[in-house]
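The values are calculated or read from the model by the stated rules, or taken from the named source; none is laboratory data. In this text, all values refer to a predicted model and were calculated from it rather than measured experimentally. Here Cβ is always computed from backbone atoms with ideal geometry, including for glycine, and neighbour counts include all displayed protein chains. Keep in mind that these areas ignore ligands, DNA and RNA; they rest on the heavy atoms of the full protein, side chains included. Shrake-Rupley method; radii C 1.70, N 1.55, O 1.52, S 1.80 Å.
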Amino acid sequence: MKTWRLIVFLVLAVALVSVMAACGEDKGGPDTTAAPVTTAGPDTTAAPVTTAGPATTEAGGPETTAPAQVIKLVWGSAMQSVSPTYNDLMIPWAAWIEEKSGGRLKFDFKIDEIILKAPELLDGIVSGVADMGDFFVGIYAGRFPLNEVLTLPFLYGYPAARAAGTTATELAKKYPALEEEFTKAGVKFLAYMPMGPGQLHTTKKAVKTMADLKGMVLESHSGEYAAEALKLLGATPEQIPPMEGYDALAKGIVGGTIGEFEFIVSSGFNTVINHSTEVGGFGQGFAALVINLDVWNKLPADLQELLAGEGAKAFVETSGYLMDKNDLAARETLDQQFKAAGNEGVYVLPQAELEAWRTTIAPVWQMWADKAKGLGVPAEDMLADAQSFALQFAYDTYSRDYPEQLMKEWGKAQ
């Protein structure tokens, strides 16, 4: 009996020691291993780089690729948000470039002079208020003296936008000094954006002869030489920002304006215009698409190539094509509007009268040549080439397949 009690005692003692040993092992306290850190969601600042299929490492796990940086470019412009140029060219072109960049480029439009007035655009892009933009070269008289050869009165026929854009592009290829003017101004030149050729539009008095211009005050934003030509013809030029032009016409501050048919209609100026005279091309409006030099230099090489190569070609070709189509349509709109109001339709200046105007304003061409010679370029050769290109790329001489295909691709087929 005593032996049995001893055995039970020993068993209980061993069990008690085991329990005490187990309780004493956790002297370090609770497990403080850190829980995994989580975020609210994935960082979408950078666009992911995708491949045809998931890559794997040698160990068999998925290989992660560093996300590509998204570069947002603020685009400042005085273009009106209601204009076909903005809606049918600038927006779809930007979307097309964004897609071709693989989503690495994004454009943020600041239209309607929302951040920079028209006369402020160039300096605003240089200072970084906008990263890039388009501005009317004619507003900056004297800052691009060589490029002003492209705006000379009667250099082009009608319609002229495509001829002007291609002439400008080819001339810049042959004479690098044209693009160098933009570089010296602090911007990288990308492409020309030709407007329609300037015609005469008046509120009260129709213009059919040179004598009709005597004493007339006309708004002109086609550049220094168009303004000088108006003076030789007997009119007084006034340069007024596009956004203020309507009030100037409505209030009688000016009696008319020099501008393309498309602008007169898309801007609503046609509600105060009662007469238009087609003179071929009284000065040629140009905008330049540019980007801040520092911004440009920081772009990856392939994006620079995209913008200055395929992007520039598409921009100038399509802008010229689109402007010609819209300008012809706007001309028809004005013609019908005038006739419906009991006035004569768009008046076409007779060839003999046009030649008299050409002769009268000839000193303007020489004025440009003299200034260009002083800048060390072969002015006479450049002027001759400008005339030759203008004829070579005239409206009825080129295939429209390329811009029409782009318009279809952009969903903007005309």
The rounded separation in angstrom of the Cα centers of the range 257-310 and the range 183-222 is 13
Treating only Lys and Arg (+1) and Asp and Glu (-1) as charged, each at its beta carbon, one finds that the range 237-390 has a dipole about its Cα centre, in Debye to the nearest 20, of 260
Charge dipole of the range 159-212 built from unit charges on the beta carbon (Lys, Arg +1; Asp, Glu -1), centred at mean Cα; most positive-end Cα among Thr203, Thr183, Gly165 is Thr203
In whole percent, the fraction of accessible protein surface over the range 267-350 that belongs to carbon or sulfur atoms, probe radius 1.4 Å, stands at 50
So the FRET efficiency between Ile253 and Glu344, C-beta based with R0 = 30 Å and rounded to 0.05, is 0.75
Note: the range 274-341 at 37 °C, 0.692 mPa s; Kirkwood Rh on alpha carbon pairs; Stokes-Einstein D in µm²/s works out to 214
The value for the range 66-106 (convex hull of the alpha-carbon atoms, volume per residue, Å³) is 51
The set of residues whose placed amide H lies less than 5 Å from the amide H of Met193, leaving out same-chain residues fewer than 5 positions away, is Ala287, Ala288, Leu289
Checked against a 25 Å limit on the C-alpha separation, the offending pairs among Lys117/Lys188; Lys184/Lys313; Lys72/Lys174; Lys117/Lys371; Lys208/Lys339; Lys214/Lys371 are Lys72/Lys174; Lys117/Lys371; Lys214/Lys371
Expected vector for the range 344-358, Karplus 3J(HN,Hα) from phi with 6.51, -1.76, 1.60 and θ = phi - 60°, integer Hz, x for Gly and Pro, equals 6, x, 4, 8, 9, 5, x, 4, 4, 5, 4, 5, 5, 5, 4
Answer in debye to the nearest 20: the dipole magnitude of the range 356-414 about its Cα centre, from +1 Lys/Arg and -1 Asp/Glu charges placed on Cβ, is 220
To the nearest Å², the heavy-atom accessible area per residue of the range 282-348 with 1.4 Å probe amounts to 39
Quick shape check on the range 291-390: root eigenvalues a ≥ b ≥ c of the Cα gyration tensor, a/c under 1.5 is rounded, otherwise prolate if a/b tops b/c, else oblate, and it reads oblate
Percent relative contact order for the range 72-182, counting Cα pairs under 8 Å at least six residues apart, stands at 29
